[in-house]
Amino acid sequence: MISDKTALESVQPGRTRLPPRWVIRTIWVLHRAASAASGGRLGLRSATADRAGYLELRTTGRRSGKLRRSILAYHLDGPNLITLAMNGWADSEPAWWLNLLAQPDARVDMPGESRRVRGRAADPDERARLWARFDAGPWGDVNAFAARRSHETAIVILEPAESAKPD
């Protein structure tokens, strides 16, 4: 299994710097606002073989029961959408992931498409294969970013609801 701590020794100083937390949060707010104001025409894009896409994930709040929306970067893996359960690389888990753990059924909106999905964490075999997809792309040094966290960063698989693995 690939650990988030892998390759820390090879991290180059300065390559893993993150902007201040307020900058990350402001970008999230602006991204969500642009998508909402444009009806999804801005802020969302389809994934291709060489770049990540952006989707809007609609979950049910685990405590409130209210609709919650998050914009996430994703890759395709066959019919599945895959993303990382990160919170701007902060140590805490993102609320959308905690919501999916409590209620795995959700909806995603992508350019020209909306679909029901069921979210789950990748199993160890899937994780080893999928982690390399994130590390090889334009995500930066995901091993170094993930090593900042005190726990493993989950790879989340959003399966079409009709073909989701049973619990």
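The values are calculated or read from the model by the stated rules, or taken from the named source; none is laboratory data. Keep in mind that this is a model prediction, so the values were computed, not measured. As a convention, Cβ positions derive from the backbone with ideal geometry for all residues, glycine included, and neighbour counts pool all protein chains shown.
Considering only residues that are more than 22 Å from Val23 (Cβ to Cβ) and more than 14 Å from the chain's Cα centre (by Cα), look in the stretch 72-100 and name the one that is surrounded by the fewest Cβ atoms within 10 Å (Cβ to Cβ).
So the residue we want is Gly78.
Report whether or not Asp109 is part of a helix (DSSP H, G or I) and on the phi < 0 side of the Ramachandran plot.
On the way: part of a helix (DSSP H, G or I): no; on the phi < 0 side of the Ramachandran plot: yes.
Spelling it out, it is not the case that Asp109 is part of a helix (DSSP H, G or I) and on the phi < 0 side of the Ramachandran plot.
With closer than 22 Å to Ser150 by Cβ, at pLDDT 70 or above and surrounded by 11 or more Cβ atoms within 10 Å (Cβ to Cβ) as the only criterion, which of Arg62, Arg25, Arg69, Arg45 stands out?
Values: Arg25 fails: at pLDDT 70 or above; Arg69 fails: closer than 22 Å to Ser150 by Cβ; Arg45 fails: closer than 22 Å to Ser150 by Cβ.
From the options Arg62, Arg25, Arg69, Arg45, the qualifying one is Arg62.
Considering only residues of the stretch 84-106 that are out of contact with any Gly (no Cβ under 9 Å at 6 or more places or on another chain) and part of a strand (DSSP E or B), which is farthest from Leu130 (Cα to Cα)?
Ala90
Would you mind stating whether Glu152 is modelled with pLDDT of 85 or more and not in a strand (DSSP E or B)?
Values: modelled with pLDDT of 85 or more: yes; not in a strand (DSSP E or B): yes.
Yes: the conditions hold for Glu152.
Considering only residues of the stretch 101-127 that are surrounded by 13 or more Cβ atoms within 10 Å (Cβ to Cβ) and hydrophobic (A, V, I, L, M, F, W, C), which is modelled with the lowest pLDDT?
Met110
Quick one: would you say Leu130 is out of contact with any Phe, Trp or Tyr (no Cβ under 8 Å at 6 or more places or on another chain), under 19 Å from Pro79 (Cα atoms), modelled with pLDDT of 80 or more and in a helix (DSSP H, G or I)?
Considered against the rule, which asks whether it is out of contact with any Phe, Trp or Tyr (no Cβ under 8 Å at 6 or more places or on another chain), under 19 Å from Pro79 (Cα atoms), modelled with pLDDT of 80 or more and in a helix (DSSP H, G or I), Leu130 comes out as yes.
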